[in-house]
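First up is the structure itself, then whatever we jot down about it.
Just so it is clear, none of the values below were taken in a lab; they were calculated from the coordinates. Source: prediction; values computed, not measured. Quick reminder, even Gly has a Cβ in these numbers, built from the backbone with ideal geometry, and neighbours come from all protein chains shown.
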């Protein structure tokens, strides 16, 4: 008589039993997927202070409204990293959290990522990675007087990025953006930090690549490139003035 898992019907009953008997394998798989998403989201670079423990928070982010410090996202209490969150250094009136209620009504729309039904699978995968996880637009989009990203200038870069850094235009405009690049150029940059002109990215983007994006599969990096090249080209020169 064949063993239970060798019988086509018996296998259907045996598989759930075997899976239940080996929860560590399922947990490992889930943990691996979770780490991949954490890498894709840039969590390590934003939630790790210089010289600090991974994901324990305390990383300073200076913007025109003040300096914010990322929170500890390790699963403390014990056994993870015990580190208190550092209060933000933000001047009045931006320090009044109650004002965020009005700001959200004006500039924030809650809800899960919604794929575009008329777009390809690769485009939607890239859109998910670039907007829901890596949130590229938070750094690569200019902001208005209230600190909200400008929808009409999305991904067109800014000279007033985090920590005062210049953030480039990544729309497919051939003159001021990435319109002259190939898809392979975007993949190479997201893997190594090297541009087609053989220069190296710096600052926060360098950390984002080293701690996160370089761990993504080529297929996912190509999907991000597909998404970027499908955006509306915007003429916006943010290169340093000579």
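What number, in percent, do you get for the relative contact order of segment 130-236 if the mean sequence gap of Cα pairs under 8 Å and at least 6 apart is divided by its residue count? Don't skip to the end; give the middle numbers.
Numbers: 153 pairs, mean separation 26.3, N = 107.
Result for segment 130-236 is 25 percent.
Return the single residue from 79, 172, 87 with maximal mean-square fluctuation; model: Gaussian network over the chain, springs between Cα atoms under 10 Å.
Comparing 79, 172, 87 in the GNM, the peak value goes to 79.
How much length would be gained if the chain were fully extended between residue 219 and residue 82, taking 0.36 nm per residue of separation minus their Cα-Cα distance, in nm to one decimal? Before the final figure, lay out each step's value.
Numbers: separation 137, 0.36 × 137 = 49.32 nm, distance 3.71 nm.
Roughly 45.6 nm would be gained on extension.
When the helix-only estimate is applied to the chain (DSSP H runs of n ≥ 4, each -39,500 (n - 2.57), divided by the residue count), what is the mean residue ellipticity at 222 nm, nearest 500 deg cm²/dmol?
Per the formula, -10500 deg cm²/dmol.
Would you indicate which of (i) 18.4; (ii) 19.6; (iii) 20.6 is the value of Kirkwood radius over Cα pairs in Å derived from the coordinates of this structure?
(iii)
Going by alpha carbons, how many degrees (0 to 90, nearest 10) lie between the helix axis of 8-21 and the longest principal axis of the chain?
60
Any idea what the relative contact order of segment 32-170 is, in percent, if you count C-alpha pairs under 8 Å spaced at least 6 apart?
On the way: 184 pairs, mean separation 23.0, N = 139.
Across segment 32-170, relative contact order equals 17 percent.
Which values, in whole Å and largest first, are the semi-axes of the equivalent ellipsoid of segment 134-205 obtained as the square root of 5 times each eigenvalue of the Cα gyration tensor? If you can, show how the numbers build up before the last one.
Details: eigenvalues 96, 39, 19 Å².
Output for segment 134-205: semi-axes of 22, 14, 10 Å.
Helix 218-229 versus the longest principal axis of the chain: what angle, 0 to 90°, nearest 10, using Cα atoms?
40
Relative to the longest principal axis of the chain, what angle (0 to 90°, nearest 10) does the C-alpha long axis of helix 23-40 take?
The two axes meet at around 20 degrees.
Figure the gain on full extension for residue 135 and residue 31 (residue separation times 0.36 nm, minus the Cα-Cα span) and round it to one decimal in nm. Spell out each step's value before the answer.
Numbers: separation 104, 0.36 × 104 = 37.44 nm, distance 2.19 nm.
Answer, rounded to one decimal: 35.2 nm.
Could you work out how far the C-alpha centroid of segment 30-106 sits from that of segment 181-242, in angstrom?
Cα centres, segment 30-106 to segment 181-242: 24 Å.
Starting at 0 and stepping by 5 Å, how many percent of the alpha carbon pairs of segment 62-149 end up in each bin?
Answer for segment 62-149: a P(r) of 3, 10, 13, 17, 18, 16, 13, 7, 3, 0 percent.
Points 7 angstrom from Cα along the Cβ direction at residue 206 and residue 91: gap in nanometres?
In this crude label model, residue 206 to residue 91 measures out at 3.0 nm.
Please tell me the relative contact order of the chain in percent, rounded to the nearest whole number, where contacts are Cα pairs under 8 Å and at least six residues apart.
18
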